Amino acid sequence: MNAANILTAAIANSLRSKLRTVLTVVAIVIGAFTLTITSAIGTGVSNYIETQIGAFGAKDVLSVTKATDDTGQGDEGPAPYDPDDAIVGAGFAQFDAEALTEEDLAAIRAVEGIVDVSAVQQVNPRYAEYDGHGKFILGVNDSATLTTPDLSAGAPLDNSGGEPQILLVTSYVDALGFADEQAAIGKTIQIGVVDYLGEMHEVNATVAGIQNETILATGAALNQALLDELHTTQSVGRPQSASEGAILATARFDANATDEQVDDIQTALAGKGFAAATVADQIGIIQTVVDAIVALLNAFAVIALIAAGFGIINTLLMSVQERTREIGLMKAMGMGAGRIYALFSAEAVFIGFLGSVLGAGAAIAVGTAANGLLAGTFLADLEGLQVLRFEVAPVATIILIVMAIAFLAGTLPARRAARQNPIEALRYE
Amino acid sequence: MSDGVGEAILEAIDIHRSYGRGSSRFEALKGVSLRIDEGESVAIVGKSGSGKSTLMHLLALLDQPDDGALRIDGVDSSQLSARQLNRMRNQDFGFVFQQFFLTPNATVLDNVVLPLKIAGVSRRERKVRGMAVLTQLEMADKAKSKAVNLSGGQKQRVVIARALVNNPRVIFADEPTGNLDTGTGRLVEDILFSLNKEYGMTLVVVTHDSELAARCDRQLFIRDGRAVPATAISGAPA
Ligand SMILES: Nc1ncnc2c1ncn2[C@@H]1O[C@H](COP(=O)(O)OP(=O)(O)OP(=O)(O)O)[C@@H](O)[C@H]1O
Ligand SMILES: [Mg+2]
């Protein structure tokens, strides 16, 4: 027996078992707390992203634009000026994109696998008003027809019917003067739109539902009937020669198409000078970023876990050392090695259980409080985002994993205890 | 050596035991033979370091001899499985070690009933039997105290209570009265010998105390790892 052993035993003896257990549990609590928090963030964020993806329900749609050099200066030098290329004004100017002509639409339709193509109609309503409660600027989600809205009240839009319908985002409920979300459903609001000559017109629309604002789809969603009506109204007085200038077209393909077939369609469109992206492509970029963040958080959690595992091994080894004589005595009095092993393993598992339950409980308490705080302050704009999401399965998994780690960590000390020779153990001082 | 008191419960035949390896190898027992009959009381006497504890541990099946044989109830100990050895130490043997080996933060009662706990005796019966043996040793009022708070003599009595609680056939006691004042020492001796007389409990006592050794049926003198005749030990009891 060396000096270090004597020292450890002396320290362990001075600490007594209660404090030792508390310290071990605290180490595990910290690990379990970290794990629970990181996993909850992972769950919360991917859950949110999933809800967002749900907002883009259409799986059989490509959004198609003309492929352009962003700066007009590609690898081959400046692009030659083409007087036929019309630059679209209004809200799309910042994209500096080329408008799609009828020929373009025909070319897209000609691509093998494309079932249908339609130019996305651009409408620019100015305001919305309900029952004289005041006018509010109305933002519109142009690609709303492609998405499944994250409804908080009411029903989705009816695109086949003739009634003009609108899905408002939640923040308009109060502003327009509705008592609550339910009160808004079925009411008629007025939408102001300016025609080509600058004259303001009002168009009536029925509120079909209220939707949560999502990061991928912002603004009110309009059904086809309302879009048509607004478009007709804003086109009043438009000269025949003026280009209509849609820059975005949606192309449908067979919903049963395989990934390879979709790739082929995209390649074919690229060959003709179009950029085509599926909804999944667009979301994939966000998903990749989120996956990377979650992976990073998981890495931290694993580090915490490893640290906690070593903590368990260390403290249990200390415990075995401290109780060497007790173990020796029990063996002398006829306790079998298997039972000694089980005794220490069970103790390890129990310590793991205690630590993980306390850690997970603390994480849930702190996380819930943090959620309330975050949702009320700087995440208020992201409706439906619960940063920390605690679910039974992952929390139970963490508890089981920590207990399994505690068991594994306990095997080494337990084996050491079980193998002790009673006489040697009783000689231990 | 058979004197007709009873059957041989323990028999050692030329047992050797050495510690360490190579140059630090030390032979603690250099061939000891002895036979202990059921119901006998035997004192193992000798100077410090002569190998008394080593011999007692071997007889109590806590250790294996390097050479020679041990028989328990006529069965060679090497024939017994680990389970059988454990059962025998748990049910048939009672131990008083040279040190107390009490769990300091556990209560006196919990310390005393440890062999019963290992045997799987129910909590209620453990308590009844534990309290009975504590009463016998005049320690019942300390049953709920933590072992760490006892005096040396009280600890020794707790240790003896622990050795008796399972009603063993053989008691192995290493200096059972070494830490006690004359009065308490007497009490412990009286209990051990009355159990020996009344219930035929076999006693194997390691001691320096010549008076205690004299009360035993027989004395085995050990010097430098060998059994020697009484006359070879200076100052040995007659
Ligand atoms: N594990 C061990 N390793 C090395 N040497 C040992 C070991 N156990 C005992 N010894 C040595 O064997 C010899 C006999 O020891 P033992 O404990 O049997 O003596 P003892 O007669 O009981 O002495 P005491 O009356 O002081 O208790 C001693 O010299 C001791 O140093
Ligand atoms: Mg000794």
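When you check B:G74 against the structure, is it at positive phi and either more than 14 Å from every other protein chain (Cβ to nearest Cβ) or hydroxyl-bearing (S, T, Y) (or both), yes or no?
Yes.
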Fill in the blank from the handout: Taking the range B:188-229 and the residues there that are in contact (Cβ under 8 Å) with a residue 40 or more places away in the chain and of a type in the set (D, E, K, R), the one that is nearest to B:T177 (Cα to Cα) would be B:R215
Exercise for the section: Among residues belonging to the range B:29-49 that are surrounded by 20 or more Cβ atoms within 10 Å (Cβ to Cβ) and within 13 Å of ligand 2 (Cβ to nearest atom), point out the one that is farthest from the other protein chains (Cβ to nearest Cβ). Expected result: B:V45
Fill in the blank from the handout: B:Q156 meets each of (1) away from ligand 2 (no atom under 16 Å from the Cβ); (2) crowded, with 22+ Cβ neighbours inside 10 Å with one exception, condition (1)
Fill in the blank from the handout: Residues of the range B:103-115 being in a helix (DSSP H, G or I) and facing another protein chain (nearest Cβ under 10 Å), in sequence order, are B:N111, B:L114, B:P115
Completion exercise
Those residues of the range B:159-199 that are among the acidic types (D, E) and open to solvent by 30 Å² or more (accessible area, probe 1.4 Å) come to a total of 3
Problem - Candidate set from the range B:12-47 (those that are of a type in the set (S, T, N, Q) and in contact (Cβ under 8 Å) with a residue 24 or more places away in the chain); member that is nearest to B:T202 (Cα to Cα) - result: B:S41
Fill in the blank from the handout: Exception for B:S23 within (1) open to solvent by 50 Å² or more (accessible area, probe 1.4 Å); (2) within 10 Å of ligand 1 (Cβ to nearest atom) falls at (2)
Practice task
Of all residues in the range B:178-210, count the ones that are touching a strand residue (DSSP E or B) at 6+ places or on another chain (Cβ under 7 Å) and within 16 Å of ligand 1 (Cβ to nearest atom).
Solution key: 4
Problem - Positions within the range B:62-85 being more than 16 Å from ligand 2 (Cβ to nearest atom), open to solvent by less than 20 Å² (accessible area, probe 1.4 Å) and over 14 Å from B:T202 (Cβ atoms), in sequence order - result: B:L70
Handout entry: Residue identified as open to solvent by less than 10 Å² (accessible area, probe 1.4 Å) and in a helix (DSSP H, G or I) among A:I405, A:I340, A:I401, A:I313
Key = A:I340
Fill in the blank from the handout: Residue set A:N371, A:N314; condition under 22 Å from A:Q420 (Cα atoms) and more than 14 Å from chain B (Cβ to nearest Cβ); output residue A:N314
Exercise for the section: Taking only the range A:104-120 into account, find how many residues are open to solvent by less than 60 Å² (accessible area, probe 1.4 Å), among the β-branched types (V, I, T) and farther than 15 Å from A:A246 by Cβ. Expected result: 2
Fill in the blank from the handout: Filtering the range B:86-102 down to residues that are open to solvent by less than 30 Å² (accessible area, probe 1.4 Å), within 16 Å of ligand 1 (Cβ to nearest atom) and more than 9 Å from every other protein chain (Cβ to nearest Cβ) yields B:V96
Practice task
For the range B:157-171, indicate whether the set of residues that are over 25 Å from B:R83 (Cα atoms) and not hydrophobic (A, V, I, L, M, F, W, C) is non-empty.
Solution key: yes
Exercise for the section: Please state which of the following conditions A:F390 fails to meet, knowing it meets all the rest: (1) in a loop (DSSP other than H, G, I, E, B); (2) over 27 Å from A:V22 (Cα atoms). Expected result: (2)
Practice task
Might you check whether a residue that is charged (D, E, K, R) and more than 23 Å from B:S81 (Cα to Cα) occurs anywhere in the range B:27-36?
Solution key: yes
Practice task
Pairs only if they're at least six apart or on different chains, beta carbon under 6 angstrom, first in the range B:167-182 and in contact (Cβ under 8 Å) with a residue 40 or more places away in the chain, second within 16 Å of ligand 1 (Cβ to nearest atom) and open to solvent by 80 Å² or more (accessible area, probe 1.4 Å); list them, first residue then second.
Solution key: B:D174/B:Q98; B:E175/B:Q98
Problem - Looking only at the range B:6-20, and only at residues there that are open to solvent by less than 20 Å² (accessible area, probe 1.4 Å) and of a type outside the set (G, A, S), the one that is farthest from ligand 2 (Cβ to nearest atom) - result: B:I9
Fill in the blank from the handout: Apart from one, (1) touching a Ser or Thr at 6+ places or on another chain (Cβ under 8 Å); (2) open to solvent by less than 30 Å² (accessible area, probe 1.4 Å); (3) within 19 Å of B:M56 (Cα to Cα) all hold for B:R223; the odd one out is (2)
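The values are calculated or read from the model by the stated rules, or taken from the named source; none is laboratory data. Not measured: the values here are computed from a predicted model. In this analysis, Cβ positions are derived from the backbone assuming ideal geometry, glycine residues included, and neighbour counts consider all displayed protein chains. The area values use the complete protein model at the heavy-atom level, side chains included, leaving out ligands, DNA and RNA. Shrake-Rupley method; radii C 1.70, N 1.55, O 1.52, S 1.80 Å.
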